[in-house]
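Worksheet: one structure, shown below.
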Amino acid sequence: MSNIGSNPRPLDGITVISLEHAIAAPFCSRQLADMGARVIKIERPGVGDFARGYDERVRGLSSHFVWTNRSKESLTLNLKHPEAGDVMQRLLESADVLVQNLAPGAAERLGLSFDQLHEKYPRLIVCDISGYGEGGPYETKKAYDLLIQSESGFVSVTGSPDAPAKAGCSISDIAAGMYAYTSILNALLLRQRTGKGSRLDVSMLESMVEWMGYPLYYAYEGATPPPRAGAAHATIYPYGPFPVGDGATIMLGLQNEREWRVFCERVLGQPELADDERFSSNSRRTANREPLRALIVQAFAAMTIDEVTQRLEDAQIANARVNEMKGVWAHPQLQARDRWREVGSPAGTLPALVPPATSNAFTPRMDPVPAVGEHTDAVLASLGFTPEEVAHFKENQVV
């Protein structure tokens, strides 16, 4: 996992200890690993992170785990074993960051809270990720991604008029993981100025509520919230999916009156619609979306997806195809920009997307997905434990 012979990465030399499971903390620490940090993932002996067992879709490996755990070292350690404390102490002596998303209160019971560690390790940054954050009536409430999507109001504005819907991926975990990642970067910058580590308290709920800023303000002071509009935009029209004559679906979006007029003239071939009073502003088009949708669907029924796309492109109207996963794997833009790499795993070589936000100064780390405990012996040896001590730990189920 070294970066010898290439340009330095931003987090080369930074060591992260992660007491992590599921998605939020692993996604955070994977971003740190992408940027060069050494991430030591502590897993339960034998079984490891329970996300390893979510499914077997990637040649027997879990899709969630493969996505969020490349470039890490897996160290098995029974944190509740009395002898685990010596291992943790040696880990923390050389660590810059401790990330954890254990159950509320678990880190403190293990002696691993910021207050318990700060005096001994004053430069250590501790990032706690939880469902609802420290304090408050929900502090100990169980929090899974779907539940946070619900509590944050996201589900209430997503789906169809008949039924709410969740997002198709773990957006609450992703939001919290990304805020944790950026907060750790900020804490590292702050430490350069103060010489001291700090504690970060990241909650899934607050991460998602931040993302809900638009619908929250739209419904300010008791106003009616945005309606659930399926894949269409709730308050801008036409903006969403429309069927095409060959059975495909086109996604398009109009942002202003100039685009509306061009859309009528060059895409629909019905310039008179631009001056129809029912559709003369976005608010009127939104209020009359059903008759307008019927006109658009009727016009598109005589065209193929390629024909509709070309007309939209010629008119400079924003559009997209509704890709399924197979289409995303083969997306021509990702192919043209060379965005796929191969990484190792216990199941062999797998494709992995290059991290977004490409830098011209360095290449991100993209190393293998680890097997459970794959690096236990090497990590313990690097901490100064002898082969006899490592054998003792294994015999007594410490690791």
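Restricting to the range 285-294, and then to whatever is closer than 14 Å to Pro241 by Cα and surrounded by 14 or more Cβ atoms within 10 Å (Cβ to Cβ), can you tell me which residue is modelled with the lowest pLDDT?
Applying the first criterion (closer than 14 Å to Pro241 by Cα) to the range 285-294 yields 289-290, 292-294.
Subset that is surrounded by 14 or more Cβ atoms within 10 Å (Cβ to Cβ): 289, 292-293.
Details: Arg289: 93, Leu292: 96, Arg293: 96.
By that ranking, first place goes to Arg289.
Report yes if Ala232 is crowded, with 18+ Cβ neighbours inside 10 Å, in contact with a helix residue (DSSP H, G or I) (Cβ under 9 Å, 6 or more places away or on another chain) and within 23 Å of Ile317 (Cβ to Cβ), otherwise no.
Considered against the rule, which asks whether it is crowded, with 18+ Cβ neighbours inside 10 Å, in contact with a helix residue (DSSP H, G or I) (Cβ under 9 Å, 6 or more places away or on another chain) and within 23 Å of Ile317 (Cβ to Cβ), Ala232 comes out as yes.
Every residue, every condition in (1) assigned to a strand (DSSP E or B); (2) at pLDDT below 95; (3) more than 30 Å from Leu92 (Cα to Cα), yes or no:
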{"position": "Asp338", "(1), (2), (3)": "no, no, yes"}
{"position": "Gly348", "(1), (2), (3)": "no, no, yes"}
{"position": "Ala357", "(1), (2), (3)": "no, yes, yes"}
{"position": "Phe362", "(1), (2), (3)": "no, no, no"}
{"position": "Leu380", "(1), (2), (3)": "no, no, no"}
{"position": "Phe385", "(1), (2), (3)": "no, no, no"}
Across (1) surrounded by 14 or more Cβ atoms within 10 Å (Cβ to Cβ); (2) closer than 22 Å to Gly344 by Cα, Leu102 clears everything bar (2)
Those residues of the range 295-345 that are over 16 Å from Asp246 (Cβ atoms), of a type in the set (Gly, Ala, Ser) and within 31 Å of the chain's Cα centre (by Cα) come to a total of 6
When restricted to Ala274, Ala248, Ala232, the only residue at pLDDT below 95 and touching a Cys at 6+ places or on another chain (Cβ under 9 Å) is Ala274
>> Within the range 51-60, does at least one residue satisfy the condition of being part of a strand (DSSP E or B), more than 30 Å from Leu190 (Cβ to Cβ) and modelled with pLDDT of 95 or more?
In response: yes
ask   = Regarding Leu124, is this residue among the hydrophobic types (A, V, I, L, M, F, W, C) and within 20 Å of the chain's Cα centre (by Cα)?
value = no
The condition of being in a loop (DSSP other than H, G, I, E, B) and within 29 Å of Pro164 (Cβ to Cβ) holds, among Thr235, Thr286, only for Thr235
Ser18 vs (1) at pLDDT 95 or above; (2) farther than 29 Å from Phe385 by Cα: all pass except (2)
Of the residues in the range 155-211, those that are basic (Lys, Arg), touching a residue at least 60 places away in the same chain (Cβ under 8 Å) and either in contact with a Pro (Cβ under 9 Å, 6 or more places away or on another chain) or more than 25 Å from Ala357 (Cα to Cα) (or both) come to Lys196, Arg199
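Starting from residues that are of a type in the set (D, E, K, R) and either touching a residue at least 40 places away in the same chain (Cβ under 8 Å) or touching a Phe, Trp or Tyr at 6+ places or on another chain (Cβ under 6 Å) (or both), keep the ones in the range 309-347 and report whichever is surrounded by the fewest Cβ atoms within 10 Å (Cβ to Cβ). Step through it out loud before you land on a result.
So in the range 309-347, the residues of a type in the set (D, E, K, R) come out as 311, 313-314, 321, 324, 326, 337-339, 341-342.
Remaining after also requiring either touching a residue at least 40 places away in the same chain (Cβ under 8 Å) or touching a Phe, Trp or Tyr at 6+ places or on another chain (Cβ under 6 Å) (or both): 311, 314, 321.
Details: Arg311: 19, Asp314: 11, Arg321: 14.
Within the range 309-347, the match that is surrounded by the fewest Cβ atoms within 10 Å (Cβ to Cβ) is Asp314.
Listed residues Thr194, Thr224; which is over 28 Å from the mean Cα position of the chain (by Cα) and assigned by TED's automatic domain parsing to the domain that holds Ala163? It would help to see each step written out before you state the result.
Numbers: Thr224 fails: assigned by TED's automatic domain parsing to the domain that holds Ala163.
Within the list Thr194, Thr224, the selection yields Thr194.
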ask   = Looking at the range 39-61, is at least one residue surrounded by fewer than 18 Cβ atoms within 10 Å (Cβ to Cβ), without any contact (Cβ under 8 Å) to a residue 24 or more places away in the chain, under 22 Å from Val399 (Cβ atoms) and in the same structural domain as Leu188 (by TED's automatic domain parsing)?
value = yes
Note: among Ser170, Ser198, Ser152, just one is closer than 16 Å to Phe27 by Cβ and either at pLDDT 95 or above or surrounded by 16 or more Cβ atoms within 10 Å (Cβ to Cβ) (or both), namely Ser170
Considering residues that are in a helix (DSSP H, G or I) and either touching a His at 6+ places or on another chain (Cβ under 7 Å) or buried (at least 20 other Cβ atoms within 10 Å of the Cβ) (or both), the number found within the range 364-378 is 1
Residue in the range 6-18 that is touching a residue at least 40 places away in the same chain (Cβ under 8 Å), out of contact with any Cys (no Cβ under 6 Å at 6 or more places or on another chain) and either on the phi > 0 side of the Ramachandran plot or part of a helix (DSSP H, G or I) (or both) present
no
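The values are calculated or read from the model by the stated rules, or taken from the named source; none is laboratory data. These numbers were taken from a predicted model, which means no experiment stands behind them. Neighbour counts run over all protein chains shown; Cβ positions are idealised from the backbone, glycine included.
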